[in-house]
Amino acid sequence: MTASTPESYLADWDRRLLDFEESQHISAFRRGMRNLVRNRLLLSGVILGVLVVGAGVLGPVIVGGDYELINFSNIHAVPFSEDALLGTDHLGRDTATRLFVAIRVSLAVAVGVTGLALLAGLAIGTISGFRGGWTDRSLSGVMDFIWGFPLILVAVLFAGGLGEGLLSVILAVGLVNMAAIARVVRGEVLALSEREFIEAARAGGLSNWRIIRKHLLPNILAPALVLASYYVAVAIIAEAALSFIGLGAQPPLPSLGQMVAEGRNFLQLNHWETTVPGLTLVVMVLSVSLIGDGLRDVFDPRLRHEAKGLES
Amino acid sequence: MSEKNHEIQSILEEYQQKKLSRRQFLKKVGAAGVGATAAAALLAACGEDEPAATTAAPTTTAAPTTTAAPTTTAAPEEMGPTRGGTLREGYNRDVSKHDPITTNWYDPAFFAIYEAIVTVSPDGDFVPQYCTDFSVSGDGLEYRFTVEDRQSHSGGTITAADVAEFYRIQKFSFIASLASPISHYEVDGDQVVAKMNNAWVGTLGPLATGYWRIANINTWKEVGSYDDETGLAGEGVVASVYGTEIVDATGPFKHTEWVPGSHSYVERWDDYPGSNVPYFENKGTAHLDAIRWTVITEAGQRATQLENGDIDTLLNPAHQDLARLQGNPDLTVYQHAEWSGYFMFMNRENYPELFGDVETRRGLSHAVDREGMVQALLFGNGAATYGPFPTTDRYYDPAVEQYNNYDVAEANRLLDAAGWSMGSDGVRERDGVPLQFEFMVENESLQTAIATAAAAQFSQVGAQADVNVVDRAVWFERAGGPEVPAGLFMWLWPIPIDVLTLFCASFTIPVPNWSHANEPRIDQAIADWQSAGTEEAAAKAQSDFQIAWAETLPNMSFINQNSTFVKNNRVHGWSPHVWLLYPYYNDTWIEA
């Protein structure tokens, strides 16, 4: 029987508490990794994503060729024709070559747009939620205003001002997505600002910047990333839709939406000209959505438990 | 017996007064117990020398490239026209304002609502339509059109003076220069007299087009609160609802609805006094109750809608669907050369460093495989154009084919000679200026494909054309301006020489001479054409014009598509022919 002093008891308790926190921290990480591997949605999404990104990055290098090169003597060829793995289009251009470049265009636009939207959305949402007052009212008012516009309308406005092309698409999609991300981030920041650890940090005299950097951002980054993955899918679809109606990528630069649009006039002649880019679009969006759903499960166990509860 | 004779006499009188068509006449006398031979004899006695069994099939013997193959079934034709029904027609463009004076284009509806003073027969001859008769003076300086007072849709009366006034105001329209040799119009009793500046063989051509179709000018002025001081620029005219809500003319159908982007709709005018056009079989009111033109700008949708029965007739299905439609036994396909063409303008005034010298323009032109474009983009349903005219035109000069043929080596040679050296990035340069330019094209699938194909072929000789697909309104807003170096344009007009002069005459810079081309040879040829008093002079002027165009390239011609019309075999009397852009609807009827 060992007599313990109050001091040693407190020191022991502190040590045990630290050990517990550390073990919790490690187990959370491990749990995350385990979920990452075990989550079939995420795994499927990652596999599809790797295939798509691989096709976009390596495809043009492997297949080679000029996506602009026309060949009037070999138009509307079906897949697996001679010299045309995925067939040719109405100008005799190789579909595989154009498809890989189109994937690259889509990915570049989607990732670029979402990256910019995420950075801007995080900054605006955090400042708006944390500062409150007129700053919040002004910024959230502007964000609500932007969010209120349909994406296509914003794209048309940009196209009218800047001309049709990818720049207009990037700005339009980026602006609308930024507003969406900023609104969600602001809500998260408002909720977190009421929590004790933030109040404690304030009471401890930490600067606003330090509170944001050390305490707020780590807590909102996960949901923001999940949201961003969703908006990558939105950006892919938006770019395809805008190219479909002629506001996006301009010929001869291929994009998936433009390829679908060009092919739809020949559906009864050779549906592959539309089917191939259409399926690719489906796979791209599916992979990003699966990754987003998987990440949400990993980062937010409550949803997983709720889902399980529903399943049971 | 005498009662029967009286009945036959009455039918004969009706026929002679043009209240009955030949079919109606035959039907009625048949019902009165007269045999076919006797009926034919009666017709002959009336001055009718055509066999009674003549069908409405077009006789396009004068149209060299017509490949129409109407295969209408015989039985319903023999039964005669059925009255009633709405013809649903698919149209490949948006509907334009139904006002001949202020519209920017004319649609098939103009052929139902309006009548021109003269029109063109399937043989290519000018025949009366609004007028009952016309003549030209021996010196060619005066054209006389006899016109009776005509009631219009509103119930008003159009006199010869009203027709002359309509033409006077029409001279203010943007298209009026096509008939510039006509000095003015006068009235002489029941005759409208066109006074010429000079004898001109082309006088009747413009008068038969949609822009010169006769409206009730009194209604037109009233609706638009027209006054001579402000002319067509007056606020009332600009904001006028004439052509959109109110239309007043003399055609067999009345304007009912006009919805841009969707459709236009006309209904039969029951007080129509009958047509003067000799080749129309139906001399009375229209058989159809109504006609609805549905806008189907999506090329791939047109054929599908016809096959699905959503429409009865169709103008210009997508070329890729043509073979399928031709193989459908329920449909009849009419096909002939279209008075149209696709060309690229090159703004040489604002971009002299790119297009200022003819070697560069010719170098680019030799890089284009026009025959390949016809096969790939039109599925062979058209022709390559090396000069401005479609190959079917009666004045087409095959000598243009020695220019602008597909020859990549020659293209490179010309560009080299012009001082363009190949850069490391595959784009030629001259004096530090890359051979790179925006190539503006309207957002329409075939035009985009043509521009993309041309751009791809330019790139093979070191020229980079950046295709910029824009809305139609934007195209017209920007074309001819200093910021657009090149653009693709499609023209459509039944008399090529008239409209093509607009795109290259020095006096139409910058619009619609978007190239800002100023070629004395071309101006001279235009002047020669507009003063051509004989066929020989006209042919020479048009030949000079074509050769000058092909050599100096104010614009770069690409291809000319065929015009295609398709109908369901339940539709009869709908007979497009090569000399008119659209068919008339007087004889059209639908099997019940």
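At an R0 of 45 angstrom, the distance between the Cβ atoms of A:Leu217 and A:Phe145 translates into a FRET efficiency of 0.95. Take the Cα of B:Val259, step 7 Å toward its Cβ, do the same at B:Glu186, and the gap between the two points is 5.0 nm.
Spin-label model, B:Asp227/A:Arg34: points 7 Å from Cα along the beta carbon direction are separated by 9.1 nm. Panel order for A:Ile236, B:Ile169, by other beta carbons found within 10 Å of each beta carbon, from fewest to most: B:Ile169, A:Ile236. Per-residue Karplus couplings for segment B:149-162, computed as 6.51 cos²θ - 1.76 cosθ + 1.60 with θ equal to phi - 60°, are listed in order as 4, 10, 6, 10, 3, 7, x, x, 10, 9, 9, 4, 5, 5 Hz, Gly and Pro entered as x.
Neighbour counts of other Cβ atoms within 10 Å put B:Leu446, A:Leu69 in the fewest-to-most order A:Leu69, B:Leu446. The residue among B:Ala539, B:Leu354, B:Trp574 whose Cα reaches farthest toward the positive pole of the charge dipole of the protein assembly as shown, with charges on the beta-carbon of Lys, Arg, Asp and Glu, is B:Leu354.
Please find the FRET efficiency linking B:Asn104 to B:Asp125, where r is the Cβ-Cβ separation and R0 is fixed at 25 Å, and quote it to the nearest 0.05. The calculated FRET efficiency here is 0.30. The magnitude of the dipole of the protein assembly as shown, with charges of +1 and -1 set on the Cβ of Lys/Arg and Asp/Glu and taken from the Cα centre, is near 3600 debye.
Once the C-beta distance of B:Thr159 and B:Glu235 is scaled by a Förster radius of 41 Å, the resulting FRET efficiency is 0.90 to the nearest 0.05. A full extension of the chain between A:Leu58 and A:Leu18 corresponds to an added length of 9.6 nm, given 0.36 nm per residue minus the alpha carbon distance.
For peptide B:557-570, the mean count of partner chain Cβ atoms within 10 Å of a residue's Cβ comes to 0.
As a footprinting exposure proxy, order B:Glu519, B:Glu245 by other Cβ within 10 Å, with the fewest listed first.
Ascending number of Cβ neighbours within 10 Å: B:Glu245, B:Glu519.
Within the shell of other residues whose beta carbon sits under 10 angstrom from the beta carbon of B:Arg521, the net charge comes to -4, with Lys and Arg scored +1 and Asp and Glu -1.
Each residue of segment B:375-383 was assigned a 3J(HN,Hα) from its phi angle through the Karplus expression (A = 6.51, B = -1.76, C = 1.60, θ = phi - 60°), giving 5, 7, 8, 9, 6, x, 8, x, 8 Hz with x at Gly and Pro. Can you pull the one-decimal nm distance between simple spin-label points at B:Ser135 and A:His271, each 7 Å off the Cα toward Cβ? The modelled label-to-label distance comes out at 6.7 nm.
Run through the DSSP bridge list for chain B and note the antiparallel percent, rounded to the nearest 5. Of the beta bridges lying entirely in chain B, close to 75 percent run antiparallel.
Counting Cβ atoms of other protein chains within 10 Å of each residue's Cβ and taking the mean over peptide A:162-168 gives 2. Residues whose amide H lies under 5 Å from that of B:Glu438, counting only those 5 or more places away or on a different chain, are B:Asp466, B:Ala486; hydrogens are built 1.01 Å from N in the peptide plane.
Please give the contour-minus-distance gain from A:Glu7 to A:Ala108: 0.36 nm per residue of separation, less the Cα-Cα distance, rounded to one decimal in nm.
Gain on stretching A:Glu7 to A:Ala108: 30.4 nm.
Paramagnetic label reach from B:Glu245 (point 7 Å along Cα→Cβ; backbone nitrogen cut-off under 15 Å): within segment B:215-231, residues B:220, B:222-225.
Divide by every residue of chain A the summed helix terms, -39500 (n - 2.57) for each DSSP H run of at least 4, and state the resulting mean residue ellipticity at 222 nm, rounded to the nearest 500 deg cm²/dmol. After summing the helix terms and dividing by the residues of chain A, the value is -26000 deg cm²/dmol. Which of A:Val111, A:Ala55, A:Gly165 sits farthest toward the positive end of the charge dipole of chain A, with +1 on the Cβ of Lys and Arg and -1 on the Cβ of Asp and Glu? Of the listed residues, the answer is A:Val111. Along the axis of the charge dipole computed for the protein assembly as shown (Cβ charges of +1 for Lys and Arg, -1 for Asp and Glu, origin at the Cα centre), the listed residues A:Gly246, B:Asn308, B:Trp220 are led at the positive end by A:Gly246.
Using the rule -39500 (n - 2.57) for each DSSP H run of four or more residues, divided by the residues of chain B, the 222 nm mean residue ellipticity is -8000 deg cm²/dmol.
Would any residue of segment B:176-208 have its amide N under 18 Å from a label point 7 Å out along Cα→Cβ of B:Arg394? List them or say none. Backbone N within reach: B:200-208.
No lab work stands behind these numbers, since they all come straight from the coordinates. All values reported here derive from a predicted model rather than from experimental measurement. All Cβ positions, even for glycine, are placed from backbone atoms using ideal geometry, and neighbour counts span all protein chains on display.
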